[in-house]
Every structure is written in C-alpha cells, then in structure tokens.
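Heads up, the thing below is written out as structure tokens.
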Amino acid sequence: MAATVALRKSYTSTRLRLLYSSSFSKYVSSSIPNSNSNFIPSWWTRSMATFTRTKPHVNVGTIGHVDHGKTTLTAAITRVLADEGKAKAIAFDEIDKAPEERKRGITIATAHVEYETAKRHYAHVDCPGHADYVKNMITGAAQMDGGILVVSAPDGPMPQTKEHILLARQVGVPSLVCFLNKVDAVDDPELLELVEMELRELLSFYKFPGDEIPIIRGSALSALQGTNEEIGRNAILKLMDAVDEYIPDPVRQLDKPFLMPIEDVFSIQGRGTVATGRVEQGIIKVGDEVEVLGLMQGGPLKTTVTGVEMFKKILDQGQAGDNVGLLLRGLKREDIQRGQVIAKPGSVKTSKKFEAEIYVLTKDEGGRHTAFFSNYKPQFYLRTADITGKVELPENVKMVMPGDNVTAVFELISPVPLEAGQRFALREGGRTVGAGVVSKVLS
C-alpha cells in the first residue's frame, strides 16, 4: 500500500511539471478548493496561449526494458526537434526527476512531453521499464496511438521488452516502430543483424508484423550530446520520419458522447479540482455539464467543466485523442479518483458484472504456470481502473489452463462503466495473466 501511495505521488509530481505551465501549477495545492468558483479566472486565460489545431494530434510513447534508453530517447527527440523549431528541448533530468526515480535510477512515473513534425502534433508518454511498475505502463500504453519500442543493441530484447510488447498488444496499441539504441557500443555489424532478427521474431510472436516494422539504428545519447551526427541527430530524424509514415493517423470518435477515463486528480487553490486524462470519445467544451462515474456506490457526481487545457495551452474544446486537464466546478479533490470516468450525463451506465471472452497467457508468454478455477480473483485493468474481481466459470468448465480461451462471467468489487467490446487485462502477482473483451454487460 505504501509503495502504491509513493508511486502515485511521484507520478503526480512528474506529470504536473511537464504537463502544466508554471502559471497554472503554482496554484496547485492540497487545500480544499472553493466550490463557489464558477468561471475560468482571467489570470489563467491571460497567462496561457490558445491551442490551434493545424495538424493531426497523435499519441505515441516509448516502451522497453529498464536502462535501454527510453527516457534518453525522449529527451533526444525533443532536443533534435527543438533545433528544427518544432519542440521545446526537455532535459533528461526533467523527465526522470521524481524522488523514487533519482533514488533507484529508474523511471517509475509516466511523463508526458509534446513536440511536432512537419506532418503532426505529438503527445509523447515516457513509460516505465521496471517490472515493479508495469501497471503504470498499462495506463500509459492504453493512451497510445502508436509506440516506440527501445531496445539496447548490446543487450538485445530482455524480459521487460517482451512484457511491454505483450502489454501493447493487449491494450490495443495498433502500431510499433523500433529504435535500436546504443549501436555505437557494438563493433560487429553481424551482431546488430542478429539482434534485429531476434527483435523481429519477438514482434511476430506477439502478433505484430515483425517483418514490416521499421527498425532505426542509432544512439539517443549521441543525439542528446550533439556528437556523431549519423547515429545521433540523423537517426532521430529518421525515427520521426518512420513514426510519421508507419503509424497511421488515428480515427477519432468525435460523434459519440464525451467520455474520459480519469488518470490523475489534483486541486487548484480557491478554484476547483482538475482531472487529467485522454479523451476517449466525443468533444468537451467549457460550460458543459458532465458526470463522474465508477468506483462508487450510489449515483454519479454531477459537475460543470469550467476550463479545458492541454500542454500549457487553453483549448476551445477538447476532443477524442487529446490529453487534457478539466477544471471541474464544486468538487473536492477527495470526491474523485483515478479509475473513474467523466462522461456526458446519461450516456454511460456502471455495472459490477459482465460476460467476457478471455485468453489466458501461457508460461512462455509470461502468464500463469497452472490452471485456475471458479472464484479465481485476479486484478482487472479496465481503462485506468485497477480493481479486484472474481471469475465464475460455466458449469461445463471445471478449470482453465494457460493457453485456453474461455467465455465466463466476471464480478467486480465496485461498479465501473462497461460496454460490449471493451478490452481489459488480468494481472496477478506482478504479471499479466490474461486479456479479455467484454461481450455482454449484466445487471
């Protein structure tokens, strides 16, 4: 429990530094907000630019094993694109700066940065690689329209490389591009070929098109330090060209009712409560009435959106695919939590019980080694919610073996918004043990 609290604190501190401007975040406080505030304060509007949509907005992120260079690559991308006038350079330390990160030398938060190419505007999430914090990676990966898989050339694919590829497949990341990092540490070209071959086989094993995925060779550190232009700056530009071309433009569900899973919550002193997350569907504007649902008994909480913001800029409207902060009138910080959703009133219903088809991972896929039976109680990851539930197998199924597909009934300890076709992951003991799709919502 203490570790989870510490993780959430570090997550919040890193995200606030990167996602919100100083004029916004200096008002962040743990004090109770003023519920009488019913407008966007003029100082907020004046201090922040307005976001203008001139390019498609795409969410990408770095995934891969610990110490393979994900955070270094994220910093390198911002530096190289800053030279092109398409980003603000963000130093490695600004991304990798939560207390637990400094102490242990690993990234355990999910940090967001932004940049542009000639073709697109990107929001980039830097996911953790350490096995203890893979569940944060699930939240990050669930936001991605495409991923950048980072693999160290001297090491090749490692355990978290495999788990992150698997998680990307489970949460529906549609496309991956690979960056083979630290190539300057490998003298033998044949060894690089072998690592690339192993990587393609691994991607194919997890049902990605391993033979087609672009693999860019380079050195993120060289790009960051401005040395060895061929494997440094040029490799980063080549990588971004691959991301532009290989990861397709996402199709946004703008015509559906607004829905946003809550990723994080904090308070602005005297103004209200801010919920952050990626808009899953629909459009949100200042003045819209919304409901907060899930992980609670009783009816939804009703509130009004009094501000919409993304990456230091005021939005006229937030829409599907945007990573936004919503200022909510009249709610206290403790009223809402990560794992809930914000939605158009009346458009979403919650339930504890549903029918779904699940696939149980094999031992080789990092899953269970043994069968499970009715009343098995794993953790369910639905959108940003992490919740305990139990499995009720059909009468004619006595047990489920690793590698099996089965349709079963699942019951959660708290209600969450559910709909047919919704994907989820099952985890147990720090590892992913299954993936499922909701087929029917039950009462």
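Structure values in brief
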quantity: Meets criteria (surrounded by 22 or more Cβ atoms within 10 Å (Cβ to Cβ), under 21 Å from the mean Cα position of the chain (by Cα) and more than 30 Å from L412 (Cα to Cα)) for V308; calculated: yes
quantity: Test: Y359 is farther than 30 Å from R53 by Cβ, of a type outside the set (G, A, S) and under 24 Å from the mean Cα position of the chain (by Cα); calculated: yes
quantity: Residue that is surrounded by the fewest Cβ atoms within 10 Å (Cβ to Cβ), among those in the range 198-218 that are hydrophobic (A, V, I, L, M, F, W, C) and closer than 30 Å to G430 by Cβ; calculated: F205
quantity: Total residues in the range 144-178, condition of a type in the set (A, V, I, L, M, F, W, C) and modelled with pLDDT of 95 or more; calculated: 8
quantity: Residue tally, condition in a helix (DSSP H, G or I) and either touching a residue at least 60 places away in the same chain (Cβ under 8 Å) or among the acidic types (D, E) (or both), over the range 170-195; calculated: 4
quantity: Qualifying residue in the range 366-381 (condition: of a type in the set (K, R) and either under 21 Å from F205 (Cα atoms) or buried (at least 17 other Cβ atoms within 10 Å of the Cβ) (or both)); calculated: yes
quantity: Evaluation of G321 against (1) part of a loop (DSSP other than H, G, I, E, B); (2) over 23 Å from the mean Cα position of the chain (by Cα) (one fails), failing number; calculated: (2)
quantity: Top-ranked residue in the range 337-364 [being in contact with a Ser or Thr (Cβ under 7 Å, 6 or more places away or on another chain) and assigned to a loop (DSSP other than H, G, I, E, B); ranked as nearest to A385 (Cα to Cα)]; calculated: G339
quantity: Breaking point among (1) modelled with pLDDT of 95 or more; (2) touching a strand residue (DSSP E or B) at 6+ places or on another chain (Cβ under 7 Å); (3) small (G, A, S), for A141; calculated: (1)
quantity: Odd one out for V183 among (1) under 18 Å from L73 (Cα atoms); (2) out of contact with any Gly (no Cβ under 9 Å at 6 or more places or on another chain); calculated: (2)
quantity: Residues that are closer than 14 Å to G325 by Cα, not hydroxyl-bearing (S, T, Y) and not in a loop (DSSP other than H, G, I, E, B), drawn from the range 276-289; calculated: G277, R278, I283, I284, K285
quantity: Spans of strands (runs of 3 or more DSSP E) in the range 369-443 with at least 3 residues in contact (Cβ under 8 Å) with a residue 40 or more places away in the chain and closer than 22 Å to P257 by Cβ; calculated: 405-417, 431-441
quantity: The listed residue being surrounded by 15 or more Cβ atoms within 10 Å (Cβ to Cβ) and modelled with pLDDT of 95 or more, out of L361, L393; calculated: L393
quantity: Residues of the range 147-185 classified as over 30 Å from G421 (Cα atoms) and in contact with a strand residue (DSSP E or B) (Cβ under 9 Å, 6 or more places away or on another chain), total; calculated: 12
quantity: Breaking point among (1) under 20 Å from V113 (Cα atoms); (2) in contact with a helix residue (DSSP H, G or I) (Cβ under 8 Å, 6 or more places away or on another chain); (3) buried (at least 23 other Cβ atoms within 10 Å of the Cβ), for T273; calculated: (1)
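The values are calculated or read from the model by the stated rules, or taken from the named source; none is laboratory data. From a predicted model like this one, the values you see are computed outputs, not experimental measurements. Methodologically, a virtual Cβ is constructed for each residue, glycine included, from the backbone with ideal geometry; neighbour enumeration extends over all protein chains shown.
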